[in-house]
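Would you mind keeping the following structure in view while I ask a few things?
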Amino acid sequence: MADIQSLLSVREIKALDKNGSDTFASVLLVRRVTSKTAKNGNPFLTVELGDKTGSFAQNVFGDSPAFDLFTSLREGGVVRIEAKLDYYRDALSPKLLSAEPITTDQLAGSAVLANLVETAPEDADALWTEFQQHIAAIRHPDIRATVQAVFDDIGESFRIAPAAVAMHHAYRHGLLEHTTHMARAARALLPLYPEVDPDLALAGVLVHDTGKVIEYQGDLVTTKSRRGLLQGHVVLGYQLVRKAGMKVKLASDLLERLEHIVLSHQGELEWGAAVIAATPEAVFVAKVDDLDAKMGMVQRLLRNAGENPADEFSEKHFGLNSQLLLTKPKTQTATST
């Protein structure tokens, strides 16, 4: 097909002139496929396509040759598309010209596969080494032993797991990154709040999201497991902590308080908390969790925009309930001569 450029990433596609009529080719991951019905009764699909630099939604209607393809591929498939640049309500929504499936065997050993899977920007081995140091910083021996027992059980899965399907730190090693960032923030803030027990709070930070190693599944695309759908990471994390605490014979009062941090860390019942935080440590952990989750959303939007974003603002982010200003503040003042 004429005028097809070399394979573009999502970031490069979004950097194209919105007012132009560029035609492009790209190899992308099928992240989500949602079946819908138009007002006229005809079926269509909303397909989220993406790579490590971002994603966009693509409507595929029943009369499109690609309809059957995306119906059969579902989440986790890889496609090569050729499309014409287009926007709908200021959101990227290209017009598909062609789409074909790409097998993982075809991608084996190529740089394309690495470009599909987003990973934490920080080195995972360095994060894991630091994480061990945060465990060692817990002074109470039985609380530290309880936390260690949890990660003796799930450590390898925890290192790889994302922190979410889509909302924040939703990429490989994202859970490790999110929890390590929380530990950094918690240890910096704890001296300001002597009412908060530092050992319980740091332990709560480290184990609060451990249930996500069971809640989520998938290599290229993250989806919820059966137990994730039926129980959720809050309950699954509570079970992991309770099992470890009973193995270590952690004092019942301390175990109850640590379990409460896990059960309440989501902050609000409508956000998935089993209960509302009711101890100083639980309130502290819930707020640090919310802070890092929100800043993780900000960091990812800024990374995906690149150094010279084509747009001043991002698309509206559901977690932030707002668009994000992508340009840097002009804090450099002119020096006098």
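The values are calculated or read from the model by the stated rules, or taken from the named source; none is laboratory data. If you're wondering where the values come from, they're calculated on a predicted model, not measured in any experiment. When we count neighbours, we look across all protein chains shown, and the Cβ atoms used for this are built from the backbone with ideal geometry, even at glycine. Side chains are part of the model used for accessible areas, which takes the heavy atoms of the whole protein and leaves out ligands, DNA and RNA. Shrake-Rupley method; radii C 1.70, N 1.55, O 1.52, S 1.80 Å.
Filter region 77-93 for residues that are surrounded by fewer than 16 Cβ atoms within 10 Å (Cβ to Cβ) and either closer than 14 Å to Val27 by Cα or touching a Ser or Thr at 6+ places or on another chain (Cβ under 7 Å) (or both) and give the result.
Selection gives Lys84, Asp86, Tyr87.
If I ask for residues that are closer than 20 Å to Tyr88 by Cβ, polar (S, T, N, Q) and in a loop (DSSP other than H, G, I, E, B), which ones from region 298-317 would you list?
Once the filter is applied, which keeps residues that are closer than 20 Å to Tyr88 by Cβ, polar (S, T, N, Q) and in a loop (DSSP other than H, G, I, E, B), region 298-317 yields only Ser314.
Ala278 is checked against (1) outside any helix (DSSP H, G or I); (2) farther than 16 Å from Pro141 by Cα; (3) touching a residue at least 24 places away in the same chain (Cβ under 8 Å) and fails just one. What number does that condition carry?
With respect to (1) outside any helix (DSSP H, G or I); (2) farther than 16 Å from Pro141 by Cα; (3) touching a residue at least 24 places away in the same chain (Cβ under 8 Å), Ala278 is out only on (3).
Pick from Val298, Val285, Val262, Val234: which is open to solvent by less than 60 Å² (accessible area, probe 1.4 Å), of a type in the set (Val, Ile, Thr), closer than 22 Å to Leu175 by Cα and touching a residue at least 60 places away in the same chain (Cβ under 8 Å)?
Values: Val298 fails: touching a residue at least 60 places away in the same chain (Cβ under 8 Å); Val262 fails: touching a residue at least 60 places away in the same chain (Cβ under 8 Å); Val234 fails: touching a residue at least 60 places away in the same chain (Cβ under 8 Å).
Of Val298, Val285, Val262, Val234, the one residue that is open to solvent by less than 60 Å² (accessible area, probe 1.4 Å), of a type in the set (Val, Ile, Thr), closer than 22 Å to Leu175 by Cα and touching a residue at least 60 places away in the same chain (Cβ under 8 Å) is Val285.
Per-residue answers, yes or no, for (1) free of Cβ contacts under 8 Å to residues at least 24 places away in the same chain; (2) touching a helix residue (DSSP H, G or I) at 6+ places or on another chain (Cβ under 8 Å); (3) of a type in the set (Ser, Thr, Tyr):
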position: Val78; (1), (2), (3): no, yes, no
position: Lys84; (1), (2), (3): no, no, no
position: Glu130; (1), (2), (3): no, yes, no
position: Ala136; (1), (2), (3): yes, yes, no
position: His140; (1), (2), (3): no, yes, no
position: Val147; (1), (2), (3): no, yes, no
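Conditions (1) within 30 Å of Leu255 (Cβ to Cβ); (2) out of contact with any Cys (no Cβ under 9 Å at 6 or more places or on another chain); (3) modelled with pLDDT of 85 or more; (4) part of a helix (DSSP H, G or I), marked per residue:
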{"position": "Gly41", "(1), (2), (3), (4)": "no, yes, yes, no"}
{"position": "Phe67", "(1), (2), (3), (4)": "no, yes, yes, yes"}
{"position": "Arg80", "(1), (2), (3), (4)": "no, yes, yes, no"}
{"position": "Gln106", "(1), (2), (3), (4)": "no, yes, no, yes"}
{"position": "Gly109", "(1), (2), (3), (4)": "no, yes, no, no"}
{"position": "Val112", "(1), (2), (3), (4)": "no, yes, no, yes"}
{"position": "Ala149", "(1), (2), (3), (4)": "yes, yes, yes, yes"}
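Has region 3-11 got at least one residue that is within 28 Å of the chain's Cα centre (by Cα) and farther than 25 Å from Glu118 by Cα?
No, region 3-11 contains no residue that is within 28 Å of the chain's Cα centre (by Cα) and farther than 25 Å from Glu118 by Cα.
Table: residues versus (1) open to solvent by 10 Å² or more (accessible area, probe 1.4 Å); (2) assigned to a strand (DSSP E or B); (3) under 22 Å from Val165 (Cα atoms).
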residue: Ala186; (1), (2), (3): no, no, no
residue: Leu189; (1), (2), (3): yes, no, no
residue: Val196; (1), (2), (3): yes, no, no
residue: Asp199; (1), (2), (3): yes, no, no
residue: Leu220; (1), (2), (3): yes, no, yes
residue: Val241; (1), (2), (3): no, no, no
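Among the numbered criteria (1) closer than 24 Å to Ala114 by Cα; (2) among the aromatic types (Phe, Trp, Tyr); (3) surrounded by fewer than 20 Cβ atoms within 10 Å (Cβ to Cβ), which single criterion is violated by Phe61?
Checking Phe61 against (1) closer than 24 Å to Ala114 by Cα; (2) among the aromatic types (Phe, Trp, Tyr); (3) surrounded by fewer than 20 Cβ atoms within 10 Å (Cβ to Cβ), the one that fails is (1).
Would you be able to tell me the number of residues in region 13-42 that are touching a strand residue (DSSP E or B) at 6+ places or on another chain (Cβ under 9 Å) and free of Cβ contacts under 8 Å to residues at least 40 places away in the same chain?
Qualifying residue count for the region: 6.
For the subset of region 120-141 comprising residues that are assigned to a loop (DSSP other than H, G, I, E, B) and under 29 Å from Ala166 (Cβ atoms), which member is farthest from the chain's Cα centre (by Cα)? Walk me through how you get there before you give the answer.
Step one: filter region 120-141 for residues assigned to a loop (DSSP other than H, G, I, E, B), giving 120-123, 137-140.
Now narrow it down to the ones that are under 29 Å from Ala166 (Cβ atoms): 120-123.
Working: Ala120: 9, Pro121: 12, Glu122: 14, Asp123: 16 Å.
Filtering region 120-141 for residues that are assigned to a loop (DSSP other than H, G, I, E, B) and under 29 Å from Ala166 (Cβ atoms), the one farthest from the chain's Cα centre (by Cα) comes out as Asp123.
Tell me the residue from Leu97, Leu107, Leu45 that is touching a residue at least 24 places away in the same chain (Cβ under 8 Å), open to solvent by 60 Å² or more (accessible area, probe 1.4 Å) and among the hydrophobic types (A, V, I, L, M, F, W, C), please.
Numbers: Leu107 fails: open to solvent by 60 Å² or more (accessible area, probe 1.4 Å); Leu45 fails: open to solvent by 60 Å² or more (accessible area, probe 1.4 Å).
After ruling out the rest, the residue left standing is Leu97.
Let me ask something additional. Take region 138-174 and flag every residue that is among the polar types (S, T, N, Q) and crowded, with 23+ Cβ neighbours inside 10 Å.
Within region 138-174, just Thr146 meets the criteria.
Ok, one more. Could you please tell me which pairs satisfy a Cβ distance under 7 Å, a separation of 6+ or placement on different chains, a first residue in region 311-328 that is of a type in the set (Lys, Arg), and a second residue that is assigned to a loop (DSSP other than H, G, I, E, B) and open to solvent by 50 Å² or more (accessible area, probe 1.4 Å)?
Lys316/Gln323
Go through region 149-163 and count every residue that is farther than 16 Å from Gln132 by Cα and without any contact (Cβ under 8 Å) to a residue 60 or more places away in the chain. Give the steps one after another, and end with the answer.
Filtering region 149-163 down to residues farther than 16 Å from Gln132 by Cα leaves 161-163.
The next check asks that each one be without any contact (Cβ under 8 Å) to a residue 60 or more places away in the chain; those that pass are 161.
Residues that pass the stated criteria total 1.
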